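Asks: Got a structure here, written out as structure tokens. Questions coming.
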Amino acid sequence: MSGLAAGIRLAYYDKRVCILEKHHRVGGLNSFYSRDGHNFDVGLHAMTNYVPQGTKSTPLPKLLRQLKLKAEDFALCQQRMSMVKFPEKTLRFNNDLDFFIQEVAENFPAQADNLQKLLKTISEYDALTLDAKPISAREAVSSIISDPLLIDMIFCPLMYYGNAQENDMEFGQFVIMFNSIFCEGFARPQAGVRQILDVLVKKYKGHGGELRLKCGVDSIQVANGRVESVLLDNGEALTADKIISSAGYVETMRLLSNFNSTRSKYDVGRLSFVEFIMVLDRELAETGYDTTIIFFNNSDKFSYRRPDDLVDISSGVICCPNNFYFESPLPEAMIRVTNMANFDLWNKLEHEEYKAQKAAWLETSLKEVVKIVPDFRDSIVYTDVFTPKTIYRFTSHLNGAVYGTPNKIKTGRTHLDNLFICGTDQGFLGIVGAMLSGVSMANLHVLQKG
């Protein structure tokens with residue numbers, strides 16, 4: 001989505017733009033697919049940064065203005081209610097910040113004033129500045145909030161929805177995610193992620209942009225501190241004044257014809273996930289369960305790290321795509337469960353063992369999930385599972401790392417004069433953040449440069 005947004009912005013100003021996509025469908029980490037007559041979204045649980053129409057100076061309306069889109073183009077429907085659920089406490093939240101503030105006050109009365117101090121600190125922090133020095137979010141938040149449980153409960157959804165660092169995050173990233181989830185909120189297009197992608201592709205092509213699907217990059221040819229050409233898998237060479245890559249920083253560097261691993265100071269991302277998707281023969285709302293998303297942790301302390309086993313079921317995300325305020329019912333009832341997973345272990349499995357482990361971990365994960373939500377296992381009519389190995393196959397992100405390297409490049413600059421990074425590794429998070437990343441890098445490195 002970052003690449004599409006960059007392309008729209010540049011094409012609008014009459015730049016000649018070509019987007020290269022390795023697969024037959026756009027979207028990357030946020031796309032969709034069909035299997036045995038069932039349609040699935042991948043990546044998108046909810047679109048963060050939702051604000052009502054008419055709101056200004058927040059990321060979503062800024063994005064819409066930059067892309068010359070209208071709010072109704074995405075047909076966003078708000079969440080009903082979500083929650084962070086730990087053994088000791090549950091914090092509910094919706095798209096009203098005051099509701100969350102009250103939830104914290106009721107569950108952690110001694111922290112009510114401290115939360116207000118944190119909100120003030122967040123509101124005064126410029127998370128979009130491109131030259132800020134990294135600060136530990138754990139240290140910054142712990143200097144204001146004194147209850148370790150509340151700290152973990154705040155971090156849990158922020159980390160699951162955009163953090164590439166184990167057990168901590170950069171404070172600017174924390175601010176972006178806190179604003180996008182708690183201060184703004186969740187929504188989902190009526191037609192899912194394809195609604196967003198269709199709008200972006202139509203807008204891009206409408207401004208004359210060229211989109212090449214099933215067109216992978218073999219290498220990036222470098223000479224004299226610049227990219228000379230991009231060599232495609234089919235042997236064709238393309239030249240351009242500027243190249244913006246949304247493939248990930250480390251992944252882009254490895255495409256360079258003069259790549260030298262000893263020079264790279266950026267870590268390969270380690271954090272990946274497994275997702276279990278279940279199609280149901282009835283909506284969970286019929287049982288009285290109308291929660292949209294649950295971020296859960298069932299252990300003594302919240303741990304956000306690559307697990308030592310194939311899957312870590314001690315925490316995760318439970319998403320009911322049907323539990324948004326849709327204008328009309330969705331075609332099928334579904335529930336999606338996301339847990340942290342280990343790429344190396346999944347990648348070593350042979351085909352039959354891989355299938356067996358997917359089935360086994362589905363059963364294991366669901367045993368934990370039905371301790372939190374009504375037992376829906378008798379209503380399952382179809383299941384699908386994707387693993388870190390799947391993520392690597394369809395995105396080429398090393399280690400299946402959903403959020404890329406923990407070392408973000410906020411300026412988008414590389415050591416080459418005409419090669420820039422946008423998307424996950426540039427550092428603006430979430431779907432709206434990804435698109436703003438593409439827009440910002442296009443503005444900064446192409447349009448402002450003439």
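Each value in this text was obtained by applying a stated rule to the coordinates, not by laboratory testing. Not measured: the values here are computed from a predicted model. Virtual Cβ from ideal backbone geometry, glycine too; neighbours counted across all protein chains shown.
Asks: When only C-alpha pairs under 8 Å and at least 6 residues apart count, what is the relative contact order of the chain, in percent?
Replies: Working: 850 pairs, mean separation 111.7, N = 450.
25 percent.
Asks: Rank these for me by crowding, Thr239, Thr390, going from fewest to most other beta carbons within 10 Å.
Replies: Ranked by crowding around the Cβ, least crowded first: Thr239, Thr390.
Asks: Extending each Cα 7 Å along its Cβ direction at Lys205 and Tyr382, get the distance between those two points in nm, one decimal.
Replies: Distance between label points: 2.6 nm.
Asks: Also, quick follow-up: In nm, to one decimal, how far is the modelled label at Ser257 from the one at Ala356, with both set 7 Å along Cα→Cβ?
Replies: Placing both labels 7 Å along Cα→Cβ, they lie 4.8 nm apart.
Asks: Given contacts defined as C-alpha pairs under 8 Å and at least six residues apart, what's the relative contact order of the range 91-183, whole-number percent?
Replies: 35
Asks: Lys and Arg at +1, Asp and Glu at -1: add these up for the other residues within a Cβ distance under 14 Å of Met340 and post the number. Intermediate results must be reported in sequence, preceding the final value.
Replies: Values: positive: Arg270, Arg305, Arg306; negative: Glu166, Glu275, Asp308, Asp309, Asp312, Asp344, Glu368.
In short, -4.
Asks: Is it possible to state the helix-based mean residue ellipticity at 222 nm for the chain, with each DSSP H run of 4+ residues giving -39500 (n - 2.57), the sum divided by total residues, to the nearest 500 deg cm²/dmol? What is it?
Replies: -9000 deg cm²/dmol
Asks: Give me a comma-separated list of calculated 3J(HN,Hα) values for the range 373-389, in order, Karplus coefficients 6.51, -1.76, 1.60 applied at θ = phi - 60°, integers in Hz, x for any Gly or Pro.
Replies: Values per residue, Gly and Pro as x: 10, x, 5, 9, 4, 6, 9, 6, 10, 7, 9, 9, 9, 10, 10, x, 5 Hz.
Asks: Once you list every other residue whose beta carbon is under 15 Å from the beta carbon of Gly423, what net charge do they have if Lys and Arg are +1 and Asp and Glu are -1?
Replies: On the way: positive: Arg9, Lys22, Lys408, Lys410, Arg413; negative: Glu21, Glu251, Asp425.
Spelling it out: positives minus negatives among the neighbours equals +2.
Asks: Strictly greater than 38 Å: what percent of every Cα pair in the chain meets that?
Replies: Everything past 38 Å amounts to 20 percent.
Asks: Among Ile318, His351, Val369, which residue has its Cα positioned farthest towards the positive end of the charge dipole of the range 270-395, with +1 placed on the Cβ of Lys and Arg, -1 on the Cβ of Asp and Glu, and the dipole taken about the Cα centre?
Replies: It is His351, whose Cα lies furthest towards the positive end.
Asks: Further question: List the lysines whose alpha-carbon lies under 28 Å from that of Lys117, not counting same-chain residues fewer than 8 positions away?
Replies: Once the sequence-local lysines are set aside, what remains near Lys117 is Lys56, Lys62, Lys85, Lys89, Lys133, Lys301, Lys408, Lys410.
Asks: Taking other Cβ within 10 Å of each residue's Cβ, how do His38, His351, His45, His415 sort, fewest first?
Replies: His351, His415, His38, His45
Asks: Something else about it: Please work out the FRET efficiency for the pair Glu363 and Glu124, using the Cβ-Cβ distance as r and a Förster radius of 30 Å; give the result to the nearest 0.05. All intermediate terms of the calculation are to be shown ahead of the outcome.
Replies: Values: r = 48 Å, r/R0 = 1.59.
Using R0 = 30 Å, I get an efficiency of 0.05.
Asks: Shifting gears a bit: Which is farthest toward the positive dipole end of the chain among Met159, Gly225, Asn339, measuring Cα position about the Cα centre, with Cβ charges +1 (Lys, Arg) and -1 (Asp, Glu)?
Replies: Ranked along the dipole, the leading option is Gly225.
Asks: Write out the GluC sites (Glu not before Pro) in the range 295-394 meeting two conditions: DSSP loop, and at most 10 other Cβ atoms within 10 Å of their Cβ.
Replies: Counting only loop positions with at most 10 other Cβ atoms within 10 Å, the GluC sites (Glu not before Pro) in the range 295-394 are Glu327, Glu350.
Asks: Still on this structure, please answer the following. Relative contact order, percent, of the range 270-395 when contacts are C-alpha pairs under 8 Å separated by at least 6 residues?
Replies: Relative contact order comes out at 40 percent.
Asks: What ranking, highest mean first, results for peptides 216-227, 172-183 when packing means the other Cβ atoms within 10 Å averaged over each residue?
Replies: On the way: 216-227: 15.1, 172-183: 24.1.
Per-residue Cβ counts within 10 Å, averaged per peptide and sorted highest first, yield 172-183, 216-227.
Asks: Which FRET efficiency, nearest 0.05, do Ala237 and Asp147 yield, Cβ-Cβ r, R0 45 Å?
Replies: Working from the Cβ atoms, E equals 0.15.
Asks: Right, another one. Quick check on the range 78-198: take the gyration tensor over C-alpha atoms, sort the square-rooted eigenvalues as a ≥ b ≥ c, and tell me if it's rounded (a/c under 1.5), prolate or oblate.
Replies: Values: a/c = 1.74, a/b = 1.15, b/c = 1.51.
Because a/c hits 1.5 or more and a/b fails to exceed b/c, the range 78-198 counts as oblate.
Asks: Taking N as the number of residues in the range 265-375, what is its Cα Rg relative to 2.2 N^0.38 Å?
Replies: 1.20
Asks: GNM on the chain, C-alpha springs below 10 Å: top fluctuator among Ser272, Ser246, Ser299?
Replies: It is Ser299.
Asks: Moving on. Counting other beta carbons within 10 Å of each Cβ, put Ser146, Ser315 in order, fewest first.
Replies: Fewest to most other Cβ atoms nearby, the residues stand as Ser146, Ser315.
Asks: Can you return the lysines within cross-link range of Lys205? Criterion is Cα-Cα under 19 Å, with same-chain partners fewer than 8 residues away left out.
Replies: Filter leaves Lys15, Lys22, Lys68, Lys70, Lys214.
Asks: On full extension of the chain, what length is gained from Lys89 through Ser219, given 0.36 nm per residue of separation minus the C-alpha to C-alpha distance?
Replies: 41.7 nm is the gain from fully extending Lys89 to Ser219.
Asks: When the dipole is taken about the Cα centre of the range 3-82, and only Lys, Arg (+1) and Asp, Glu (-1) are charged at their Cβ, what size is it in debye, to the nearest 20?
Replies: 340
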